[in-house]
Amino acid sequence: MSDTLAPPRRPGTSGGRTTPRGSFALRLFGERLSLLVRPRTLVVCLALTLLSALVLVVSVSVGDYAIPLRAVPGAIAGYGERLDVFFVQGVRLPRALTAIGVGAALGIAGAVFQSLSRNALGSPDIIGFTSGAATGAVTVILVFGAGRVAVSLGAIAGGLLTAAVVYLLAMKNGVQGYRLVLVGIGVSAMLGSVRDYLLTRAELTDAMGAQIWMIGSLNGRGWGEVAAVWVCLALLGPVLLAQGKRLRFMELGEDTARGLGVSTQATQLTVLAVASALTGAAIAVAGPIGFIALAAPQLARRLTRTGGTTLVGSALMGAALLVVADLVAQRALAPVQLPAGVVTAVIGGSYLIWLLYTEWRGGRA
Amino acid sequence: MTTPADAASRLHGRDLTLAYDQRVISQDLAVTVPDNSFTVIVGPNACGKSTLLRALSRTLRPARGHVHLDGRVIGSYPAKEVARRLGLLPQSSIAPDGIGVADLVARGRFPHQGFLRQWSKQDEAVVAEAMEATGIADLSERSVDELSGGQRQRVWLAMVLAQQTPLLLLDEPTTYLDIAHQMDMLDLCAELHAERGHTLVAVLHDLNHACRYATHLIVMKEGAIVAEGDPATVVTAELVEEVFGLPVRIIDDPETHTPMIVPVDRRAAAR
């Protein structure tokens, strides 16, 4: 073997920096506590939080009955003119809080599904969960003619059942990403034709109601919905965050992750169950709002540049996207109220296309 | 059932039945990895050598029998504990888009980290040393995407080294590399074995490479171990013909004086 063929090896040179790029270590109590801090991620998360808060205040203030911005904080706390307080506390604040909660739940769940399937299309929209929930809800509306709570339960049942079926069909020596997406597309198509059949057999008014539910909307959501989605987030969110690092390791390949000491099957089952429950809760509260779960994780990872899934970033991005989309839905064609689901695709889609376009133009190939 | 040889071995398996779902690959397999050896597993395609390596690394749970690591059944350790004793370089891994070299190597520290201990000075030093040992210190600021196949394989190996495990299991570490990078990788493995005292187990395709580098050779055929020991005594023309169905001559490798396999020219015999 000629020595010249071997790449240069220079023992003794240690110019390389070893702390992960863009991060620094925060060490306290003499090494007993060492945290890895990433300023860019912190800034992005902070900015998204501020954006959501700002849009929340704006959407509470604007409307056919406008409330001056300076009166908003008082009205939120319950002081000021009675009509202000009524609109803020009774109508607009719960609606905006629901939007933020639903957006966060969809964003974080979407990040989990995409990470597990190692596929940017692996969101609950594509893998059949949303379709299952919609079919469950439409069945309840059209066959049983039941009220909102029953519709929500029907949506959750339909979604979980479909997720389980897709998961079982796609599973062979663990879950393979493309199989999950392909099986999901197939099952979604079948469920779509079931829904279409039900709609053709329904009374016109029932069919209208079902159709509106299927677009997803935040119209008329109150404190009950706020409680439902935020309790789910508070209980299930931390479970996902605790598994976040393991999830990123599984993106290296299953054997590699196991070699590094990740119990891949336990992680997979835990996060899949929790993410499904969060998606179910979001759909039960607001209907199948499209595109947030697909776009938010992609936007978040591009903004934070972590080269992997960012769960917190995805949740905050989802929240910001939906609360902005709902504001637009309320005001774009006022007094006509659009369903938020119509707007999410337009806003999230154009933002994602713009990001991809600049990325590809930037020649990162 | 423990034989005297096992007592001296940190990693061994007994009565192993290895299977994927219903498809049985190996039955009643007994394997011992001698401590401080550079063990190489060879055999024809689909003979079960990678499957055996997966069982030894706990990536595959045996249908029957047990693999023992440091005196305990490997499945009885917590996952992270295994990863502090035994490192695995699988056949293929996926580098996330845009991940940096140092970031990827740093992931090897996972089994030593916890919620309150995310990035200690020791982590930093170990990662630097792993990159030094694999000759990629100069690449630390680069993205893994930009690297050549040979460089990439070194990055993955550095990640496994950062786990600081006495045992290293490598599944076909030279596949997809050109001959210069293959030798480079094997020299690196030999260095890890001889100078850093790692016990290595590698699955290799090339018999000549195996003979050159192995201190202990395991030859497999159809899921069973048919021969094992020092390559110089184990490798014979009869064995190679029996295992691979290929008539060969064994000559002395002029460089290393290990057995060198030269296939018989069947076209000449037919003429």
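Observations
- Magnitude of the charge dipole for the protein assembly as shown, about its Cα centre and with charges confined to Cβ atoms of Lys, Arg (+1) and Asp, Glu (-1), is about 1780 debye.
- The dipole here belongs to the stretch B:4-236: it is taken about the Cα centre, uses +1 on the Cβ of Lys and Arg and -1 on the Cβ of Asp and Glu, and is about 880 debye.
- Tilt relative to chain A, helix A:204-215 - C-alpha long axis, 0 to 90 degrees, to 10: 30 degrees
- For the stretch B:4-236, accessible area per residue (1.4 Å probe, heavy atoms of protein chains only), Å²: 38 Å²
- Centre-to-centre, using Cα atoms only, the stretch A:156-221 and the stretch B:167-187 are separated by 48 Å.
- Probe 1.4 Å - accessible area at A:Val346, Å² to nearest ten: 90 Å²
- Euclidean distance of C-alpha centroids, the stretch A:303-365 and the stretch B:9-40, integer Å: 52 Å
- With all protein chains kept in place, the per residue accessible area of the stretch A:139-274 amounts to 50 square angstrom at a probe of 1.4 angstrom.
- Dipole of the stretch B:4-236, positive direction: furthest Cα of B:Cys47, B:Gly65, B:Ala95, with charges on the beta-carbon: B:Gly65
- Among A:Leu26, A:Leu260, A:Leu142, the largest mean-square fluctuation in a Gaussian network model of chain A, built with springs joining Cα atoms closer than 10 Å, belongs to A:Leu26.
- Mean separation of Cα contacts under 8 Å (6+ apart) over length of the stretch B:4-236, as relative contact order %: 28 percent
- Structure remark: mean-square fluctuation, Gaussian network model of chain A, C-alpha springs under 10 Å; the largest value among A:Leu50, A:Leu269, A:Leu106 belongs to A:Leu269.
- When the Cα gyration tensor is reduced to axis lengths a ≥ b ≥ c, the ratio a/c is 1.5 or higher for the protein assembly as shown, and with a/b above b/c it is classed as prolate.
- Exposure of B:Ile25 as accessible area (Å², to 10), given a probe of 1.4 Å and all protein chains: 40 Å²
- At least 50 Å² accessible surface lost relative to isolated chain, residues of the stretch A:253-270 (1.4 Å probe): A:Asp255, A:Thr256, A:Arg258, A:Gly259, A:Leu260, A:Gly261
- Share, in percent, of DSSP beta bridges within the stretch B:4-236 that are antiparallel, nearest 5: 55 percent
- The B-A contact accounts for roughly 4200 square angstrom of buried accessible surface, both chains included, probe 1.4 angstrom.
- Three-way shape call for the stretch B:183-271 based on the alpha-carbon gyration tensor, with the a/c threshold at 1.5: prolate
- Euclidean distance between Cα centres, the stretch B:222-265 to the stretch A:37-115, Å: 73 Å
- 3J(HN,Hα) from dihedral phi, the stretch B:202-215, Karplus parametrisation 6.51/-1.76/1.60, rounded to Hz, x for glycine, proline: 10, 8, 10, 8, 8, 4, 5, 4, 4, 5, 5, 9, 6, 9
- GNM flexibility winner over chain B from B:Ala55, B:Ala194, B:Ala125 (Cα, springs under 10 Å): B:Ala125
- Beta bridges by DSSP in the protein assembly as shown, antiparallel share as percent, to the nearest 5: 65 percent
- Whole-percent carbon and sulfur share, accessible surface of chain A, 1.4 Å: 69 percent
- Using a Förster distance of 22 Å, the FRET efficiency for A:Trp354-A:Arg331 (Cβ separation, nearest 0.05): 0.50
- The dipole here belongs to chain A: it is taken about the Cα centre, uses +1 on the Cβ of Lys and Arg and -1 on the Cβ of Asp and Glu, and is about 1320 debye.
- Heavy-atom SASA rank of A:Asp326, A:Asp255, B:Asp28 (probe 1.4 Å, accessible area, largest first): B:Asp28, A:Asp255, A:Asp326
- Solvent-accessible surface (1.4 Å probe) assigned to A:Ser34 amounts to roughly 0 Å².
- Degrees separating the helix A:223-250 axis from the principal Cα axis of chain A, which is the longest one: 20 degrees
- Options B:Tyr176, A:Ala329, B:Pro254, ranked by Cα towards positive dipole end of the protein assembly as shown, top entry (Cβ charges): A:Ala329
- ³J(HN,Hα), Karplus 6.51/-1.76/1.60, whole Hz, each residue of the stretch B:15-24, x for Gly, Pro: 6, 7, 10, 10, 8, 9, 6, 9, 7, 7
- Mean separation of Cα contacts under 8 Å (6+ apart) over length of chain A, as relative contact order %: 24 percent
- In degrees, nearest ten, helix A:39-61 long axis to first principal axis of chain A (Cα): 10 degrees
- Where GluC sites (Glu not before Pro) in DSSP loops with at most 14 other Cβ within 10 Å are excluded, longest remaining stretch of chain B: B:1-140
- Heavy-atom accessible surface of chain B: percent carbon and sulfur, 1.4 Å: 50 percent
- Shape call, chain B: gyration tensor on alpha carbons, a/c limit 1.5: oblate
- Largest to smallest accessible area among B:Trp156, A:Trp230 [probe 1.4 Å]: A:Trp230, B:Trp156
- Figure note: B:Tyr176, A:Tyr197, A:Tyr167 ranked by solvent-accessible area, largest first, 1.4 Å probe, ligands and nucleic acids not counted: B:Tyr176, A:Tyr197, A:Tyr167.
- Which listed pairs, of A:Lys245/B:Lys49; B:Lys80/B:Lys221; A:Lys245/B:Lys80, have C-alpha distances above 22 Å, in listed order: A:Lys245/B:Lys49; B:Lys80/B:Lys221
The values are calculated or read from the model by the stated rules, or taken from the named source; none is laboratory data. This structure is a prediction, so every number in the text was calculated from the model and none was measured. Positions of Cβ are backbone-derived with ideal geometry, glycine not excepted, and every protein chain shown enters the neighbour counts. These accessible areas exclude ligands, DNA and RNA; they are computed on the full protein's heavy atoms, side chains included. Shrake-Rupley method; radii C 1.70, N 1.55, O 1.52, S 1.80 Å.
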